[in-house]
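The structure under discussion appears below in the form of C-alpha coordinates.
The values are calculated or read from the model by the stated rules, or taken from the named source; none is laboratory data. Model, not experiment: these values are computed from the prediction. Cβ sites come from the backbone with ideal geometry, for glycine too, and all protein chains shown count toward neighbours.
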Amino acid sequence: MSAIRLLVLGAVRQHGRAHGYQVRNDLEFWGAHEWSNAKPGSIYHALKQMAKQGLLLAHEIAPSTAGGPPRTEYEITEQGTEEYFSLVRTYLTAYDEGPDMLTAALGFIVDLRREEALELLAERVRRIQEWRKSVTEYYTPEGGPEQPDHIGEIMNFWVHSADSGAEWTQGLIERIRGGAYTFSGEGAPFVAVLADGEENPYATQERHPGDER
(Lines give C-alpha, C1' and ligand atoms only; values in the text may rest on other atoms or scores of the structure.)
Protein backbone atom coordinates (compact mmCIF):
# COMPACT_ATOMS: atom_id res chain seq x y z
CA MET A 1 0.00 0.00 0.00
CA SER A 2 1.09 3.57 -0.57
CA ALA A 3 -0.21 7.08 -0.01
CA ILE A 4 -0.44 8.15 -3.67
CA ARG A 5 -4.07 7.08 -4.09
CA LEU A 6 -5.26 9.17 -1.14
CA LEU A 7 -3.06 12.14 -2.05
CA VAL A 8 -4.35 12.32 -5.61
CA LEU A 9 -8.00 11.93 -4.59
CA GLY A 10 -7.55 14.59 -1.93
CA ALA A 11 -5.91 17.06 -4.29
CA VAL A 12 -8.61 16.65 -6.94
CA ARG A 13 -11.34 16.92 -4.31
CA GLN A 14 -9.96 20.19 -2.93
CA HIS A 15 -9.83 21.74 -6.40
CA GLY A 16 -13.22 20.47 -7.53
CA ARG A 17 -11.70 19.86 -10.95
CA ALA A 18 -7.99 19.65 -11.67
CA HIS A 19 -5.64 18.56 -14.41
CA GLY A 20 -2.54 16.47 -13.85
CA TYR A 21 -0.09 19.33 -13.56
CA GLN A 22 -2.23 21.03 -10.91
CA VAL A 23 -2.30 17.84 -8.85
CA ARG A 24 1.44 17.38 -9.24
CA ASN A 25 2.05 21.03 -8.32
CA ASP A 26 -0.09 20.74 -5.19
CA LEU A 27 1.65 17.58 -4.00
CA GLU A 28 5.02 19.26 -4.42
CA PHE A 29 3.64 22.31 -2.59
CA TRP A 30 2.71 19.98 0.29
CA GLY A 31 6.18 18.39 0.19
CA ALA A 32 4.66 15.00 -0.61
CA HIS A 33 7.44 14.23 -3.12
CA GLU A 34 9.83 14.15 -0.15
CA TRP A 35 7.92 11.76 2.13
CA SER A 36 5.91 9.63 -0.32
CA ASN A 37 6.14 8.12 -3.79
CA ALA A 38 4.27 11.10 -5.28
CA LYS A 39 6.47 11.38 -8.35
CA PRO A 40 5.15 12.72 -11.69
CA GLY A 41 4.81 9.29 -13.30
CA SER A 42 2.99 7.87 -10.28
CA ILE A 43 0.60 10.84 -10.17
CA TYR A 44 -0.43 10.64 -13.83
CA HIS A 45 -0.74 6.86 -13.62
CA ALA A 46 -2.97 7.14 -10.54
CA LEU A 47 -5.20 9.72 -12.23
CA LYS A 48 -5.73 7.50 -15.28
CA GLN A 49 -6.23 4.33 -13.25
CA MET A 50 -8.76 5.88 -10.89
CA ALA A 51 -10.65 7.34 -13.84
CA LYS A 52 -10.92 3.81 -15.25
CA GLN A 53 -12.12 2.58 -11.86
CA GLY A 54 -14.86 5.19 -11.65
CA LEU A 55 -13.29 7.10 -8.77
CA LEU A 56 -12.56 10.12 -10.97
CA LEU A 57 -14.43 11.55 -13.93
CA ALA A 58 -12.19 12.68 -16.80
CA HIS A 59 -13.17 15.77 -18.81
CA GLU A 60 -11.39 16.67 -22.03
CA ILE A 61 -11.17 20.43 -22.48
CA ALA A 62 -9.57 22.77 -24.97
CA PRO A 63 -5.93 22.13 -25.96
CA SER A 64 -3.31 23.81 -23.80
CA THR A 65 -1.77 27.07 -24.92
CA ALA A 66 1.42 25.14 -25.65
CA GLY A 67 -0.43 23.12 -28.27
CA GLY A 68 -0.87 19.38 -28.35
CA PRO A 69 -3.88 17.21 -27.53
CA PRO A 70 -6.82 18.37 -25.39
CA ARG A 71 -6.00 18.67 -21.71
CA THR A 72 -7.78 16.31 -19.30
CA GLU A 73 -9.31 17.60 -16.11
CA TYR A 74 -10.44 15.25 -13.36
CA GLU A 75 -13.35 15.47 -10.96
CA ILE A 76 -13.97 13.17 -8.02
CA THR A 77 -17.08 11.00 -8.24
CA GLU A 78 -19.40 9.83 -5.47
CA GLN A 79 -17.57 6.51 -5.48
CA GLY A 80 -14.27 8.36 -5.36
CA THR A 81 -15.44 10.40 -2.37
CA GLU A 82 -16.37 7.21 -0.54
CA GLU A 83 -12.94 5.77 -1.33
CA TYR A 84 -11.26 8.99 -0.18
CA PHE A 85 -12.89 8.94 3.25
CA SER A 86 -12.30 5.20 3.58
CA LEU A 87 -8.58 5.71 2.99
CA VAL A 88 -8.38 8.59 5.47
CA ARG A 89 -10.02 6.43 8.14
CA THR A 90 -7.90 3.38 7.34
CA TYR A 91 -4.60 5.24 7.32
CA LEU A 92 -5.31 7.03 10.61
CA THR A 93 -5.63 3.70 12.40
CA ALA A 94 -3.14 1.57 10.42
CA TYR A 95 -0.21 1.93 12.82
CA ASP A 96 1.74 -0.89 11.14
CA GLU A 97 1.90 0.71 7.69
CA GLY A 98 4.42 3.18 6.27
CA PRO A 99 4.65 6.71 7.70
CA ASP A 100 3.64 8.15 4.33
CA MET A 101 0.11 6.85 4.81
CA LEU A 102 -0.34 8.39 8.25
CA THR A 103 1.18 11.64 6.96
CA ALA A 104 -1.28 11.74 4.05
CA ALA A 105 -4.24 11.01 6.34
CA LEU A 106 -3.19 13.77 8.74
CA GLY A 107 -3.24 16.19 5.82
CA PHE A 108 -6.93 15.47 5.33
CA ILE A 109 -8.03 14.70 8.89
CA VAL A 110 -10.01 17.95 9.16
CA ASP A 111 -12.40 16.68 6.48
CA LEU A 112 -13.81 14.41 9.20
CA ARG A 113 -16.02 15.41 12.09
CA ARG A 114 -14.03 16.19 15.22
CA GLU A 115 -15.68 13.36 17.16
CA GLU A 116 -14.83 10.80 14.49
CA ALA A 117 -11.23 11.97 14.26
CA LEU A 118 -10.89 11.50 18.03
CA GLU A 119 -12.39 8.01 17.84
CA LEU A 120 -10.03 6.98 15.04
CA LEU A 121 -6.96 8.29 16.84
CA ALA A 122 -8.03 6.52 20.03
CA GLU A 123 -8.32 3.32 17.99
CA ARG A 124 -4.79 3.92 16.69
CA VAL A 125 -3.50 4.13 20.26
CA ARG A 126 -5.40 0.97 21.19
CA ARG A 127 -3.90 -0.96 18.28
CA ILE A 128 -0.38 0.23 19.08
CA GLN A 129 -0.76 -0.82 22.71
CA GLU A 130 -2.20 -4.18 21.70
CA TRP A 131 0.73 -4.81 19.38
CA ARG A 132 3.23 -3.78 22.06
CA LYS A 133 1.63 -6.13 24.57
CA SER A 134 1.90 -9.06 22.16
CA VAL A 135 5.59 -8.32 21.60
CA THR A 136 6.50 -7.87 25.25
CA GLU A 137 5.01 -11.24 26.16
CA TYR A 138 8.26 -12.61 24.73
CA TYR A 139 10.53 -9.61 25.26
CA THR A 140 10.90 -7.14 28.12
CA PRO A 141 12.77 -3.99 27.07
CA GLU A 142 13.35 -2.94 30.68
CA GLY A 143 15.52 -5.99 31.12
CA GLY A 144 17.63 -5.22 28.08
CA PRO A 145 17.96 -7.15 24.82
CA GLU A 146 17.37 -10.84 25.39
CA GLN A 147 18.31 -11.90 21.88
CA PRO A 148 21.94 -12.76 21.19
CA ASP A 149 24.31 -10.00 20.11
CA HIS A 150 22.74 -7.08 18.26
CA ILE A 151 19.46 -8.80 17.36
CA GLY A 152 17.79 -7.56 20.54
CA GLU A 153 18.19 -4.03 19.23
CA ILE A 154 15.56 -4.83 16.61
CA MET A 155 13.01 -5.39 19.33
CA ASN A 156 14.26 -2.34 21.22
CA PHE A 157 13.61 -0.27 18.11
CA TRP A 158 10.08 -1.56 17.59
CA VAL A 159 9.08 -1.19 21.23
CA HIS A 160 10.50 2.33 21.33
CA SER A 161 8.66 3.18 18.10
CA ALA A 162 5.40 1.88 19.55
CA ASP A 163 5.81 3.90 22.74
CA SER A 164 6.70 7.11 20.93
CA GLY A 165 3.90 6.59 18.40
CA ALA A 166 1.32 6.13 21.13
CA GLU A 167 2.62 9.15 23.03
CA TRP A 168 2.51 11.38 19.96
CA THR A 169 -0.99 10.20 19.03
CA GLN A 170 -2.26 10.81 22.56
CA GLY A 171 -0.85 14.33 22.39
CA LEU A 172 -2.71 14.97 19.15
CA ILE A 173 -5.90 13.65 20.74
CA GLU A 174 -5.54 16.12 23.59
CA ARG A 175 -4.91 19.02 21.22
CA ILE A 176 -8.00 18.17 19.17
CA ARG A 177 -10.09 17.76 22.32
CA GLY A 178 -8.86 21.19 23.35
CA GLY A 179 -10.33 22.74 20.22
CA ALA A 180 -7.37 22.74 17.83
CA TYR A 181 -8.09 23.06 14.10
CA THR A 182 -11.36 23.48 12.19
CA PHE A 183 -13.06 20.19 11.38
CA SER A 184 -15.94 19.36 9.07
CA GLY A 185 -19.15 21.14 10.05
CA GLU A 186 -17.33 23.74 12.15
CA GLY A 187 -16.64 26.40 9.53
CA ALA A 188 -15.08 26.97 6.14
CA PRO A 189 -13.18 23.85 5.01
CA PHE A 190 -9.40 23.97 5.00
CA VAL A 191 -8.02 24.24 1.45
CA ALA A 192 -4.33 24.36 0.60
CA VAL A 193 -4.14 24.08 -3.17
CA LEU A 194 -2.49 26.37 -5.70
CA ALA A 195 -4.62 28.31 -8.15
CA ASP A 196 -4.13 27.44 -11.82
CA GLY A 197 -0.98 29.27 -12.86
CA GLU A 198 0.03 30.24 -9.32
CA GLU A 199 3.77 29.90 -8.80
CA ASN A 200 4.85 27.03 -6.58
CA PRO A 201 7.80 28.07 -4.38
CA TYR A 202 8.61 24.41 -3.69
CA ALA A 203 8.57 23.13 -7.29
CA THR A 204 11.45 20.75 -7.91
CA GLN A 205 11.34 20.22 -11.65
CA GLU A 206 10.84 22.16 -14.84
CA ARG A 207 7.52 21.80 -16.61
CA HIS A 208 7.68 19.25 -19.40
CA PRO A 209 5.45 18.62 -22.43
CA GLY A 210 2.47 16.58 -21.35
CA ASP A 211 2.42 17.95 -17.81
CA GLU A 212 -1.11 19.27 -18.35
CA ARG A 213 -2.54 15.85 -19.03
Is there a residue being in a helix (DSSP H, G or I), farther than 22 Å from F190 by Cβ and of a type in the set (S, T, N, Q) anywhere in the stretch 37-48? yes
Meets criteria (in contact with a Ser or Thr (Cβ under 6 Å, 6 or more places away or on another chain), closer than 30 Å to E174 by Cβ, surrounded by 17 or more Cβ atoms within 10 Å (Cβ to Cβ) and modelled with pLDDT of 95 or more) for L92: no
Selected residue [outside the structural domain of L121 (by TED's automatic domain parsing), part of a helix (DSSP H, G or I) and surrounded by fewer than 23 Cβ atoms within 10 Å (Cβ to Cβ)] from E60, E97, E82, E75: E82
Test: residue in the stretch 29-47 that is under 19 Å from E198 (Cα atoms), charged (D, E, K, R) and assigned by TED's automatic domain parsing to the domain that holds F85: no
G68 touching a Pro at 6+ places or on another chain (Cβ under 8 Å) and either at pLDDT below 95 or part of a helix (DSSP H, G or I) (or both): yes
Flagged pairs (Cβ under 7 angstrom, 6 or more apart or on separate chains; first in the stretch 106-121, farther than 15 Å from E186 by Cα and free of Cβ contacts under 8 Å to residues at least 40 places away in the same chain; second hydrophobic (A, V, I, L, M, F, W, C) and not in a loop (DSSP other than H, G, I, E, B)) are L120/L92
Hey, does the stretch 10-26 have a residue that's of a type in the set (S, T, Y) and either at pLDDT 90 or above or more than 18 Å from A192 (Cβ to Cβ) (or both)? no
For the stretch 107-118, what are the residues that are surrounded by fewer than 15 Cβ atoms within 10 Å (Cβ to Cβ) and out of contact with any Ser or Thr (no Cβ under 7 Å at 6 or more places or on another chain)? E115
